[in-house]
Amino acid sequence: MTWTAVCACADLEPERGVAALIGGEQVALFRTFDGALYAIGNQDPFTGAFVLSRGIVGTRGDIPTVASPLHKQVFDLRTGVCLDDETTAVPVFGVRERGGQVEVGI
């Protein structure tokens, strides 16, 4: 796995996503209110559009989630699995904070 610095952690607003292009891969980054960081593929598998970074961040029970802004399918930010169709998932990437920077591992 190669770690790439993407942005300052302070630049990630809680419950808002941002997109990053890392090694040709579009990644959606999220920081939740509790400070946890998540990185998933930005492509909505149901439409093919690269929009998950613009999704609605929330929870389903104790599962941190993002809902696609197009058809509202909900994805587990920890595993990438669609909670509305468990046969569908998006990639999940390593993410960490190091020296105040958010790094994504691909």
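The values are calculated or read from the model by the stated rules, or taken from the named source; none is laboratory data. Quick caveat: nothing in here was measured; it's all calculated off a predicted structure. Positions of Cβ are backbone-derived with ideal geometry, glycine not excepted, and every protein chain shown enters the neighbour counts. Please note that ligands, DNA and RNA were not included when accessible areas were found on the heavy atoms of the full protein model with its side chains. Shrake-Rupley method; radii C 1.70, N 1.55, O 1.52, S 1.80 Å.
Report yes if V6 is more than 10 Å from the chain's Cα centre (by Cα) and either surrounded by 15 or more Cβ atoms within 10 Å (Cβ to Cβ) or basic (K, R) (or both), otherwise no.
Details: more than 10 Å from the chain's Cα centre (by Cα): yes; either surrounded by 15 or more Cβ atoms within 10 Å (Cβ to Cβ) or basic (K, R) (or both): yes.
Considered against the rule, which asks whether it is more than 10 Å from the chain's Cα centre (by Cα) and either surrounded by 15 or more Cβ atoms within 10 Å (Cβ to Cβ) or basic (K, R) (or both), V6 comes out as yes.
Which residues, counting only those in segment 65-76, are under 14 Å from F30 (Cα atoms) and either touching a His at 6+ places or on another chain (Cβ under 8 Å) or buried (at least 19 other Cβ atoms within 10 Å of the Cβ) (or both)?
Going through segment 65-76, the residues under 14 Å from F30 (Cα atoms) turn out to be 65-68, 75-76.
The answer is T65, V66, S68, F75, D76.
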Failed condition for E86, given (1) in contact with a Gly (Cβ under 8 Å, 6 or more places away or on another chain); (2) loosely packed, with under 14 Cβ neighbours inside 10 Å:
(1)
(1) without any contact (Cβ under 8 Å) to a residue 60 or more places away in the chain; (2) more than 10 Å from the chain's Cα centre (by Cα); (3) open to solvent by less than 20 Å² (accessible area, probe 1.4 Å): which one isn't true of A49, the others all being true?
(3)
Answer yes or no: is there a residue in segment 48-71 that is closer than 14 Å to F93 by Cα and part of a strand (DSSP E or B).
no
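Could you tell me whether any residue of segment 19-40 is on the phi > 0 side of the Ramachandran plot and open to solvent by less than 30 Å² (accessible area, probe 1.4 Å)? Before you say what the answer is, go through the steps one by one.
Just the residues of segment 19-40 that are on the phi > 0 side of the Ramachandran plot, to begin with: 23-24, 35.
Imposing the further condition that a residue be open to solvent by less than 30 Å² (accessible area, probe 1.4 Å) reduces the set to none.
No: zero hits.
Does V95 satisfy the condition of being among the β-branched types (V, I, T), within 22 Å of M1 (Cβ to Cβ) and assigned to a strand (DSSP E or B)? Give the steps one after another, and end with the answer.
Details: among the β-branched types (V, I, T): yes; within 22 Å of M1 (Cβ to Cβ): yes; assigned to a strand (DSSP E or B): yes.
Yes: the conditions hold for V95.
One line per residue, one yes/no per condition, for (1) at pLDDT below 95; (2) acidic (D, E); (3) at positive phi:
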site	(1), (2), (3)
T4	no, no, no
V51	no, no, no
V66	no, no, no
C82	no, no, no
F93	no, no, no
E97	no, yes, no
G100	no, no, yes
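On the basis of being under 13 Å from the mean Cα position of the chain (by Cα), open to solvent by 40 Å² or more (accessible area, probe 1.4 Å) and farther than 21 Å from R98 by Cβ, does T79 make the cut?
Numbers: under 13 Å from the mean Cα position of the chain (by Cα): yes; open to solvent by 40 Å² or more (accessible area, probe 1.4 Å): yes; farther than 21 Å from R98 by Cβ: yes.
Judged against the criteria, T79 is a match.
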Inspect all residues belonging to segment 52-60 and state whether any of them is more than 16 Å from E97 (Cβ to Cβ), open to solvent by 60 Å² or more (accessible area, probe 1.4 Å) and in contact with a Leu (Cβ under 9 Å, 6 or more places away or on another chain).
yes
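Residues being in contact (Cβ under 8 Å) with a residue 60 or more places away in the chain and out of contact with any strand residue (DSSP E or B) (no Cβ under 6 Å at 6 or more places or on another chain): count how many of those fall in segment 12-30.
2
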